[in-house]
1. Tally the residues that are in contact (Cβ under 8 Å) with a residue 24 or more places away in the chain and either surrounded by fewer than 13 Cβ atoms within 10 Å (Cβ to Cβ) or closer than 16 Å to residue 20 by Cβ (or both), restricting the search to the stretch 70-88.
2. Restricting to the stretch 1-16, name every residue that is closer than 17 Å to residue 104 by Cβ and assigned to a helix (DSSP H, G or I).
3. Within the stretch 21-41, take every residue that is crowded, with 18+ Cβ neighbours inside 10 Å and assigned to a helix (DSSP H, G or I) and give me the one that is nearest to the chain's Cα centre (by Cα).
Amino acid sequence: MYRHILLPVDGSAPSERAAQRGIELARALSAKVTVVTVTTPWAARFARELAVVVPDVIVDEQDYEGKAQAAAQRVLDRMGDAARAAGVPCTVLHLSRREPWLAIVEAARDQGCDLIVMGSRAPAGMGALWGSETARVIAGSAVPVLVYRQD
């Protein structure tokens, strides 16, 4: 069965609920978890060309990166604490990439995970439609992806 579960979280309620369920699954299977959060780098989010046209549009890079790091750490601390409270061995990982789905797929590979458990923001009744990042992870992952959707 599964021995190492990747839990991608972005701070949203659906992602954290899915991670909680992933922790419960890991506990039942005596597996370990890696919690990963992915932030978008400043350079990918803000086009420098806009600074020429509209100087006040650009957010300060250091300020943005500092806030992104702090927010990521809060999410990782919360989920790491939840895993430890459940008695589940846990590693946390913060990645900064332009394409979060690709970072998740690569993290699963690099960390040796054999399952990804993640949430979906799709509303009930949407059938096979998932959030765009979730759908991309499903399409790009070499390991199974369990999508948790709370109705």
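1. The total comes to 11.
2. If the condition is that a residue be closer than 17 Å to residue 104 by Cβ and assigned to a helix (DSSP H, G or I), then 14, 15, 16 are the ones that fit.
3. Checking each candidate, the answer is 22.
None of the figures in this text is laboratory data; all of them are computed from the coordinates on show. Because the structure is predicted, anything quoted here is derived from the model rather than measured. Methodologically, a virtual Cβ is constructed for each residue, glycine included, from the backbone with ideal geometry; neighbour enumeration extends over all protein chains shown.
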